[in-house]
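Notes to accompany the following structure.
Here, each number is a calculation from the coordinates, and none is a lab measurement. Please read these numbers as outputs of a predicted model, since none were measured by experiment. Note that each Cβ is placed from the backbone with ideal geometry, even for glycine, and that neighbours are counted across all protein chains shown.
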Amino acid sequence: MKKKILFICPYPINTVPGQRLKYEQYFSYFKQNNYDYDVKSFFNNEEYKILYSRGKLLKKIFAVFKGYLRRFYTSFKLKNYDLVYVFLNVTPLGGSFFEKVYRFLSNKMIFDIDDLVYLNKSYKENKVAKYLRSSNKYYYLMKFSDHVITCTSYLDNFVKKFNKNTTNISSTVNTKIYTPKKFNRSKKLVIGWTGSFSTLPYLNLIKKVIIKVQKIYNCELYIISSNKEILGFKNYKSMIWKSKTEVNDLKKIDIGLYPLPKEEWVKGKSGLKAIQFMSLGIPVIASDTEINRKVILNNKTGLLVNSEKEWFLALKKLIENKKLRERMSNNGIYHVRKNFSVEVNKDRYLKIFNNLTNKN
């Protein structure tokens, strides 16, 4: 008889990177290894579309209300599952009431924490939510879950203060889908960035550098985000992220950009953008952070930089040196397949599941 897992998550399947490029990629593998699963998201697809749009306050309030009703209804079914897998939280607002109820009614529970969510970071689209959220739910889940899955060594060490049963599993890509692009040997190149509305401001950290580079080398800038953006760049193309076209859209980029600010929130980032770029054979230039030093092999799969001057020199170096770009392209493909692919990480999830469910 197959064991049953219930995935509790904020967003619908195949929408946000934190879910798509972590556990969602392994669903078929779980099925092949004696696990059936159900997914219950707090927001449905229609609600998710308005969640981070500007305005629409009443629709957002109604969406949250319906989400709580779903969680209440689901609580009566928790005992039917061998394992409950909570990604981020059970409910987005308030204290830890629902987290405590779900913990009490679950046979075994895994908490998958992504980013430093306990810092309660807010965005301009949903400023009010900051005052309705509480960090207590995250600390509770860290402490009382049977196992906690983290995504960076910094986060893993932090969680270990509350729970010794942790496993650090990075975001990964399916290399059967993320296949290498054809190397561009032409003079005109495309530099590019991808991310959500919440990380788009990071691109402004290197705005002057990009403008300078475009003026000298006449390269294009591609931006792939949750919305089409009007930005102060020349010769740029803004594309809306779509699951079906994501890989092909990324393949239009020749040099990937991954700027990050110097703030605590960044310590929870898993280096996913760099992994996506490298998997496709796109050399990446990234801010020199702790996680990027673990994800990117400096001067082999990409370049790590600290200042605007270093950003400019790194872009200049890659734009002018085709052989270097090609070498980094090949190195990046190999590096991701060896360390950050679904294939090499799939058994890590299964090991946790088996250890917990075999104790029942």
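The figures follow:
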quantity: Links that overshoot a 32 Å alpha carbon limit, given the list K49/K212; K187/K300; K164/K252; calculated: K49/K212; K164/K252
quantity: Loop-located GluC sites (Glu not before Pro) in segment 199-300 whose Cβ has at most 16 other Cβ within 10 Å (DSSP); calculated: E229, E263
quantity: Selection of trypsin sites (Lys or Arg not before Pro), segment 183-249, meeting DSSP coil and at most 14 other Cβ within 10 Å; calculated: R185, K187, K188, K228, K234, K242, K244
quantity: Residue list for segment 279-309, given a label point 7 angstrom along the Cα-to-Cβ vector of L324 and an amide N cut-off under 17 Å; calculated: 282-288, 297-309
quantity: Overall form of segment 190-339 per C-alpha gyration tensor (a/c, 1.5; a/b vs b/c); calculated: rounded
quantity: CD proxy at 222 nm, helix term only [per DSSP H run n ≥ 4: -39500 (n - 2.57); per residue of the chain; nearest 500]; calculated: -11500 deg cm²/dmol
quantity: Shape of segment 136-276, Cα gyration tensor, a/c cut at 1.5; calculated: prolate
quantity: Packing rank of 1-7, 317-323, where each peptide gets the mean count of other beta carbons within 10 Å, highest leading; calculated: 1-7, 317-323
quantity: Distance cut-off 11 Å, percentage of C-alpha pairs in segment 147-186 lying past it; calculated: 69
quantity: R0 of 25 Å, Cβ-Cβ distance K56-N33: FRET efficiency to nearest 0.05; calculated: 0.05
quantity: Pairs beyond 27 Å (Cα-Cα), from K269/K323; K215/K251; K40/K294; calculated: K269/K323; K40/K294
quantity: Reciprocal mean inverse distance between Cα atoms of the chain - Kirkwood radius, Å; calculated: 21.4
quantity: Gained length - I216 relative to S134, 0.36 nm times residue gap less alpha-carbon distance; calculated: 24.7 nm
quantity: Percentage of interatomic Cα-Cα distances in segment 260-360 larger than 16 Å; calculated: 62
